[in-house]
1. Computed over the Cα atoms, what is the radius of gyration of segment 145-215 divided by 2.2 N^0.38 Å, N being its residue count?
2. Given a 1.4 angstrom probe, what's the average accessible area per residue across the chain, in square angstrom?
3. Is the shape of the chain rounded, prolate or oblate, going by the alpha carbon gyration tensor and its root eigenvalues a ≥ b ≥ c, with a/c under 1.5 for rounded and a/b larger than b/c for prolate?
4. For segment 182-320, which whole percent of the accessible surface, found with a 1.4 angstrom probe, sits on carbon and sulfur atoms?
5. What number, in nm² with one decimal, is the all-direction average of the projected area of the convex hull of the alpha-carbon atoms of segment 178-320?
6. Can you give the Rg and Dmax of segment 240-320 based on its C-alpha atoms, in angstrom?
7. Can you show me the helix-derived [θ] at 222 nm for the chain, built from DSSP H runs with n ≥ 4 at -39,500 (n - 2.57) apiece and divided by the number of residues, rounded to the nearest 500.
8. Please get the size of the charge dipole for the chain, origin at its Cα centre, with Cβ charges of +1 on Lys and Arg and -1 on Asp and Glu, quoted in debye to the nearest 20.
Amino acid sequence: MDIKRLALIALLLPGANFPAGAAPELVNGIVAIVNETIITEKEARQFIEPAIVALERQLLSRQQYTERAMEIYKDGLNQLIERQLTLDDFKAAGYSFPESIIEDFVQERIRERYGDRVKLIKTLEAQNMTYEQFRNDIREQFIVEQMNLKNVSSAVIISPFKIESYYKEHPEEFKLQDQVRLRMIELRKRDGGDVQAVRQLAGEILAKLAGGAKFAEMASVYSEGSQKRDGGDLGWVNRSVLRKEFAEATAKLQPGQRTGVVDLPDACFILQVEEVKASQLRPLAEVRDEIEKTLLNQERYRLQKKYVERLKKKSFVRYF
């Protein structure tokens, strides 16, 4: 991206300031030509606007924000170019669709995203967009999807051998960490409260448990944690994400065993191990569909890039 592009990206950032009279020239400037179609800065800005708005919500530094905005702009412009190449390929091949099919597609999009035409029109007015422009955008999206189906998706076949090979070559993706299912009794220490009384109560509960009291019943009565209603059940947790003190206290315990009082600054805790799952590899039968989806996406991406490169070789594409 050259110096001119670095300057243009400022126009894409919300709240950008620029001298009077400078914006229109840049916003309406040409950023790319694809065969006989011109792509303007305004079109590129409108295309990436949703991504830029989402970027604003992230807590990023100014430098991080600018760098990411430039990446979004570059990716968005490439998408517009690839889209136009695909549309030109559709036209050159002499393909066509009955307008009734396009209309059905348009109406389906309206129902899915807007509910009805009235809400759509209000949204379009707020975006300074006409219904005809909206319909044409939907028509072009439909064409691009169909061309991709023809040239990319229909050519993708994932064999069982590829799935098995991926499983063997990427075991780390299917490895389950050590897991433990815990129950916990939490007695909170409050500012200005009697900390010694909390410790004494924890000791009394521990004595009751040693005397045969059910842990779940004690948790339901005494615990102040969010899992009180579930008898203190924390469910399955990866040991790696457990609070350090909890991980250390339960590391050597077997199902049915419990800790002593874990006395921490914020509360006193008692934990019981319910079940343990050692680190293991998920079986192929369980992850086969996941692998197939991953391989499908990878192959579609490869074929999409190959298709676009083939179109570029026989087309005129120029960046400004």
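1. Expressed relative to 2.2 N^0.38 Å, the Cα Rg reads 2.55.
2. 62 Å²
3. Prolate, since a/c reaches 1.5 and a/b exceeds b/c.
4. Carbon with sulfur: 49 percent of the solvent-accessible area.
5. The directionally averaged projection comes out at 16.4 nm².
6. 26.4, 74
7. -18000 deg cm²/dmol
8. The dipole magnitude comes to about 420 debye.
The values are calculated or read from the model by the stated rules, or taken from the named source; none is laboratory data. Quantities reported herein were computed from a predicted structural model and do not represent experimental measurements. Note: ideal-geometry Cβ built from the backbone for every residue, glycine included; neighbour counts use all protein chains shown. Side chains are part of the model used for accessible areas, which takes the heavy atoms of the whole protein and leaves out ligands, DNA and RNA. Shrake-Rupley method; radii C 1.70, N 1.55, O 1.52, S 1.80 Å.
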